[in-house]
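The values are calculated or read from the model by the stated rules, or taken from the named source; none is laboratory data. From a predicted model like this one, the values you see are computed outputs, not experimental measurements. A quick note on method: Cβ atoms are made from the backbone with ideal geometry, for glycine too, and the neighbour counts reach across all protein chains shown. The protein model used for the area step is the full one, side chains on, heavy atoms only, and it has no ligands, DNA or RNA in it. Shrake-Rupley method; radii C 1.70, N 1.55, O 1.52, S 1.80 Å.
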Amino acid sequence: MSETIQTATHGVELTDVAAAKVRSLLEQEGRDDLRLRVAVQPGGCSGLIYQLYFDERMLEGDAVRDFGGVEVVVDRMSVPYLEGATIDFADTIEKQGFTIDNPNAQSSCACGGSFA
């Protein structure tokens, strides 16, 4: 009799463009054991900063969603801050990189790196 581990889910969305970029980066790394981890940490000029990085670990309380083979993981403490947030990837002259549109952010700093 095997025990089923229940994994929570979260309300973060990953656009198709961002998912394709994550897949491309993972292929470049030659790794298929990594997930995209999104977290909120204290810091920045507005009080909270986003962290986006690849992680091979699954921690107790992690919430996971799969976007076409790309797993997005959010730790239990960050889930409420990120509910309804959308991760996208911008590739323009002005900006290249992942962006987070978070409806929970009441204010953010000018650089867009932190929020309250």
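What the table below lists for this structure:
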item	result
Where R23 falls short, out of the listed (1) of a type in the set (K, R); (2) open to solvent by 40 Å² or more (accessible area, probe 1.4 Å); (3) within 12 Å of the chain's Cα centre (by Cα)	(3)
Residues of the range 51-86 that turn out to be assigned to a loop (DSSP other than H, G, I, E, B) and either open to solvent by less than 70 Å² (accessible area, probe 1.4 Å) or touching a helix residue (DSSP H, G or I) at 6+ places or on another chain (Cβ under 8 Å) (or both), as a count	8
